Amino acid sequence: MLGKKIFALTFGVGAISISVQATELEVIHWWTSGGEQRAVSILAEEFNKLGKDRWVDTAVALGENSRSVTMQRILGGDAPGAAQFNTSRQFEELIEEDLLLDLTPVAEREGWFKSIRPQNILDPCIKDGRLYCVPVNIHSSQWLWTNKKIFSQAGVKEPKTWPEFLKVAPAIREAGYIPLAHGGQPWQDRNLFDDVMIGITDADFWYQIWRDKNASAAAGAKMTKVFETFGALRQFIDVGSPGRNWNDATNMVITGKAATQVMGDWARGEFAAAGQQADIDYGCIPGPSNRPYLTLGGDSFIFPKTSDKALEAAQFKLASMLVSPAVQAKFNNAKGSLPIRADVDMDIADACMKKGMALLNDPKSAIFPAVAYITEDTNGQIQDLVSTFWNNPDMSVADAVKTFSDIIANAD
């Protein structure tokens, strides 16, 4: 339900006390790994510290499952108080149906349009000049995480590009380690594919595909090279890959079973939770790519409309708190992501976060993820193709490229 009111009645001798009203704000999210739980607990604790209202946690494993539960509950009239989505077009249907709380008043009062950067990260939240979501971080998926001890023992250098990875991977395998820890789930297959795509092409090609939906580019030689490189990585994973959770793959790097993992910067939270130090125990390579890029993805919270004024007040209070400099610093340091504003104290940032901040501050390095330009339906088609190709070595590169270009030609 949208929220439950708790009425605390206390009675003194010969008198009736004043009742105190509190509101439970249910928050649906998919942060279930160790590092993610540490981060979301900061949000809950900071909200509860504000007094009166209380964060009620509903964690649903996997983003697609969590978003599905949220959509079903909102459309079924049993909405939560707040829910996590990616900063993308995932919730545009809810905006169009006027089912979300308009956050423009608090955004204007607190200067979000000036303090949040880059400002266009707010674009998916805005319709007809009104704001309907709160970005809480900037996540990038283009990172190669490494176990430094393994590379030292194998006698090879950490790769900066995908061709370099393909050269050093056999030596890592000969040394007795898994070259690439991978979780064989559709979204992880897609994450790896996107990393290869931007890693061996460039921002211009990336935008030709996703923003411009250029079917000719999607059918060309560069796309063929992307699928060839992506397919070449299959030989360097282990037999236990299918179905593995992303954080379990991260743990393989942490514990010295695997040399690398391709995963978003949220993996940094797992290394931190394990007590490891950036650039000492583990490495973080943006890309790998000749010209590293940082995708401006991330997480946002939406707030379903409610007729309950106490709940609405609690929603505005949470929205304000999520953007505050102090919470931005605490949460993003634990999460492994970058803050959405530049005026936060990042003295506690480690070497990997500093690499990300440097890329974020370079306009030429920051690009928008595919989901900023394509619908959930198109995204699902691409993900299905990528997973089919990854799990079926008999599928030819030519067939994969043909199917890919057809999807792009008909993309919304």
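The values are calculated or read from the model by the stated rules, or taken from the named source; none is laboratory data. Since the structure is predicted, the reported quantities are computational estimates derived from the model, not experimental observations. As a convention, Cβ positions derive from the backbone with ideal geometry for all residues, glycine included, and neighbour counts pool all protein chains shown.
Quick notes
- Checked against (1) surrounded by 20 or more Cβ atoms within 10 Å (Cβ to Cβ); (2) under 24 Å from Pro339 (Cα atoms), Ala278 passes all but condition (1).
- Of all the numbered requirements in (1) farther than 30 Å from Leu122 by Cα; (2) surrounded by 14 or more Cβ atoms within 10 Å (Cβ to Cβ); (3) not aromatic (Phe, Trp, Tyr), Pro393 misses one, and that requirement is (2).
- Segment 127-139, subset of a type outside the set (Val, Ile, Thr) and either in a strand (DSSP E or B) or surrounded by 16 or more Cβ atoms within 10 Å (Cβ to Cβ) (or both), residue nearest to the chain's Cα centre (by Cα): His139
- Any chance Val386 is in the same structural domain as Thr229 (by TED's automatic domain parsing), within 23 Å of His139 (Cα to Cα) and in a helix (DSSP H, G or I): yes
- Qualifying residue in segment 341-350 (condition: assigned to a helix (DSSP H, G or I), surrounded by fewer than 22 Cβ atoms within 10 Å (Cβ to Cβ) and at negative phi): no
- Test result for Phe301, of a type in the set (Phe, Trp, Tyr) and touching a helix residue (DSSP H, G or I) at 6+ places or on another chain (Cβ under 6 Å): no
- Residue in segment 140-158 that is assigned to a loop (DSSP other than H, G, I, E, B), in contact with a His (Cβ under 9 Å, 6 or more places away or on another chain) and outside the structural domain of Leu99 (by TED's automatic domain parsing) present: no
So that you can scan it fast, the table gives a plain yes or no per residue for (1) under 22 Å from the mean Cα position of the chain (by Cα); (2) among the aromatic types (Phe, Trp, Tyr); (3) more than 19 Å from Ser88 (Cβ to Cβ):
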site: Ala319; (1), (2), (3): yes, no, no
site: Ala342; (1), (2), (3): yes, no, yes
site: Ile367; (1), (2), (3): yes, no, no
site: Ala370; (1), (2), (3): yes, no, no
site: Asp377; (1), (2), (3): yes, no, no
site: Ala409; (1), (2), (3): no, no, yes
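- Conditions (1) surrounded by fewer than 18 Cβ atoms within 10 Å (Cβ to Cβ); (2) under 19 Å from the mean Cα position of the chain (by Cα); (3) farther than 30 Å from Glu93 by Cα; number of the one not met by Gly356: (1)
- Restricting segment 224-244 to residues that are small (Gly, Ala, Ser) and surrounded by 17 or more Cβ atoms within 10 Å (Cβ to Cβ), the residue that is farthest from Ala181 (Cα to Cα): Gly231
- Test for Arg190: is it part of a loop (DSSP other than H, G, I, E, B) and surrounded by 16 or more Cβ atoms within 10 Å (Cβ to Cβ): no
- From the list Ala314, Ala398, the lone residue that is surrounded by 20 or more Cβ atoms within 10 Å (Cβ to Cβ) and either over 27 Å from Arg268 (Cα atoms) or not aliphatic (A, V, I, L, M) (or both) is Ala314.
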